[in-house]
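Down below is the structure, laid out as structure tokens.
The values are calculated or read from the model by the stated rules, or taken from the named source; none is laboratory data. The model shown is predicted, which means the values in this text are computed figures rather than measured ones. In this analysis, Cβ positions are derived from the backbone assuming ideal geometry, glycine residues included, and neighbour counts consider all displayed protein chains. Areas reflect the complete protein model, heavy atoms only, side chains present, ligands, DNA and RNA absent. Shrake-Rupley method; radii C 1.70, N 1.55, O 1.52, S 1.80 Å.
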Amino acid sequence: MQKFTAYIPTKLHFGHHAAQDLGDHAAEIGDHALLVYGCGSAFRNGSYADTVERLQRCEVKVTEYGGIKPNPCVDDVDKAARLGREQGVDMIVAVGGGSVLDSAKVMAICIADGCDPWEVMVRNHLPQGAVPILAVLTLAATGTEMNPAAVIQNPRTKQKLGFRHELMYPAHSYLDPSYTLSVPRNYTAYGVVDLVCHCLEAWFGAGEATLSDRFTTAIIQEAIAYGPALMADMTNFDLRSKIMWAATNALNNMTIYGRSSPDWGVHILAHTLSVLYDTAHGATLSIIYPAWLKVMRDRARDRIVELGEALFQTADVDTTIRCLEDFFAQLGGPIRCQDVGIDLPCKQDILDLMNKNQAQGFNYTLSTAEREAILDQTFAEKRSLVAPV
Ligand code: NZQ
Ligand code: ZN
């Protein structure tokens, strides 16, 4: 095991009406909030109205910035942060999924430091401060509610980058599963895929940490046990709760303590599809993770065997890869580029950008030939599902 410092300062409130004290928490912090949200779902699922009512009841002034899109764009972060600075806000209240929360995390630094958001993402600006963030999560997937990471796209540089900093932990996160009852089928499936892939990125990371391994496989088992059940019963509060908590734990550090680093290679490769085709994050992962495993079957053999033994009671590498691919497909995740309308003529553009950005993991570096082999797998003909889990 490597040495580590365990630190998760976020106060996380979970369950029905979890955000009822949001106004009081905000009033303890300041008196003017920048309220940030996405493209309309918060109006429909009640989270926007509840949040505004709670802030107003506690006499917290609200300035709004709506319209953060999935695969969030750095320009929105910049505009919202400028607005927040002009208006003199002293906190951000973010209502939405990972795209809204991630945007809010970078805004929080830009409001405090008066800096350019892309300079933060490319590590040219070292954060000095951040206004506190209160996060009302409406989609179970990314784990951003209890971690210090943000992932933002820049259409000009054709990059989607992740950045982590201690100052970006939300002060409070509110996880009321009832807000997630309205998440549509596709994004519900992508959320389960995403949480499983966060576990896999930790699993294939560098170093050994047996307790983290056990947490990791327990979280994947939770997803296997309840993900398909949720897809069959989308308004089941209990199933939404289980998946929401699993997603938080898949990326709140508990799966990586003791390791030197997660791999992140599949995420980094997958971001290429989001940048080029605006493909949803979870969809990029259900396409690329099985492909990565097929190409890494010899290099990562021991870890794939251990994973198969823990999850699928098999020591056979190919069976394990098939079980994971089938699990993603049964949830409704795409498993080939063609499933999301990306056809073979796009292959060279994708490969060029992957190579330009040197897309690879921290543990498993990739050669140009391996990147191409992975991409070939994402366009390969599909077989029928043979190993239901
Ligand atoms: O924009 P609105 O109208 O709000 O609609 C959103 C969006 O269309 C909708 N939605 C959210 N809550 C809903 C809902 N629809 C109905 N009912 C609800 N309750 O869902 C769509 C997707 O939202 P988004 O926030 O983009 O999804 P997600 O939470 O999956 O976030 C994805 C982003 O997070 C990044 C991804 O790269 C991607 O940009 N990630 C962040 C990480 C982190 N900070 O730790 C790690 C992840 O690996 C990931 O990279
Ligand atoms: Zn992810």
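Contour minus end-to-end for Glu381 and Ala206, with contour as 0.36 nm per residue of separation and end-to-end as the Cα-Cα distance?
So the chain would gain 59.8 nm between Glu381 and Ala206.
Whole number please: convex hull volume per residue of the Cα set in the chain, in Å³? Could the numbers behind the result be given before it?
Working: hull volume 48.0 nm³, N = 389.
Per-residue hull volume (Cα only) is 123 Å³.
Can you tell me the orientation of helix 210-232 relative to the chain, as the angle in degrees between its alpha-carbon axis and the longest Cα principal axis, to the nearest 10?
80 degrees
Starting from the Cα of Arg156, step 7 Å along the direction of its Cβ; do the same at Asp352; then give the gap between the two resulting points in nm.
For the pair Arg156/Asp352, the computed spacing is 2.1 nm.
Give the lysines whose C-alpha is closer than 16 Å to that of Lys11, dropping any in the same chain fewer than 8 places away, or say none.
Cα-Cα hits under 16 Å: Lys105.
At most 12 other Cβ atoms within 10 Å and a DSSP loop assignment: could you name the trypsin sites (Lys or Arg not before Pro) in the stretch 315-389 that fit?
Hits after loop and neighbour filter: Lys382, Arg383.
Please report how far the C-alpha centroid of the stretch 231-260 lies from that of the stretch 316-389, rounded to the nearest whole angstrom.
Result: 24 Å between the Cα centres.
Looking at the chain, identify the longest residue range that excludes and avoids all GluC sites (Glu not before Pro) in DSSP loops having at most 15 other Cβ atoms within 10 Å.
For GluC sites (Glu not before Pro) (loop position, at most 15 other Cβ atoms within 10 Å), the longest site-free span of the chain is 209-380.
Lys242: which aspartates and glutamates have alpha carbons under 16 Å from its alpha carbon, excluding same-chain residues fewer than 8 sequence positions away?
Answer for Lys242, where 16 Å is the Cα cut-off: Glu145, Asp176, Asp194, Glu222, Asp233, listed by chain and number.
What would the Debye equation give as log₁₀ I(q)/I(0) for the stretch 11-180 at q = 0.09, 0.11, 0.14, 0.18 Å⁻¹, counting only Cα atoms as equal point scatterers?
The calculated log intensity ratios at q = 0.09, 0.11, 0.14, 0.18 Å⁻¹ are -0.25, -0.37, -0.61, -1.05.
Based on the alpha-carbon gyration tensor of the stretch 185-379 and its eigenvalue square roots a ≥ b ≥ c, which shape applies: rounded if a/c is under 1.5, prolate if not and a/b is larger than b/c, or oblate?
It is oblate, given that a/c is not under 1.5 and a/b is not larger than b/c.
What accessible area per residue, rounded to a whole number of Å², is obtained for the chain using a probe radius of 1.4 Å? Intermediate results must be reported in sequence, preceding the final value.
Numbers: 15250 Å² over 389 residues.
Accessible surface, normalised per residue, equals 39 Å².
Using 0.36 nm per residue of separation minus the Cα-Cα distance, give me the extension gain between Val122 and Glu166 in nm, one decimal.
14.2 nm
Just tell me which aspartates and glutamates come within less than 12 Å, Cα to Cα, of Lys294; anything on the same chain fewer than 8 places away is out.
Asp318, Glu325, Glu370, Asp376
Report the gain in length on full extension from Asp233 to His16: 0.36 nm times residue separation, minus Cα-Cα distance, nm rounded to one decimal.
Full-extension gain reported as 76.3 nm.
For the stretch 11-180, with the dipole built from +1 on Lys and Arg beta-carbon atoms and -1 on Asp and Glu ones, taken about the Cα centre, which of His32, Gln87, Ile152 lies farthest toward the positive end?
My answer, from the dipole projection, is Ile152.
For the stretch 185-379, which whole percent of the accessible surface, found with a 1.4 angstrom probe, sits on carbon and sulfur atoms? Each step should come with its number before you reach the end.
Numbers: 3520 of 6860 Å².
In the stretch 185-379, the share of accessible area belonging to carbon and sulfur is 51 percent.
What's the FRET efficiency of Ile8 with Leu344 using the Cβ-Cβ distance as r and R₀ = 35 Å, to the nearest 0.05?
About 0.20, to the nearest 0.05.
In whole percent, how big is the carbon plus sulfur part of the accessible area of the stretch 11-180, probe 1.4 Å, protein atoms only?
Values: 3010 of 6380 Å².
The nonpolar share, carbon plus sulfur, comes to 47 percent.
Give the ranking of Phe43, Phe379, Phe14 by solvent-accessible surface, highest area first, calculated with a 1.4 Å probe. Write out the running numbers ahead of the final one.
Working: Phe43 115, Phe379 20, Phe14 85 Å².
Output order, biggest surface exposure first: Phe43, Phe14, Phe379.
Compute the distance in nm between two label points, each set 7 Å from the Cα along the Cα-to-Cβ direction, one at Ala49 and one at Thr314.
4.9 nm
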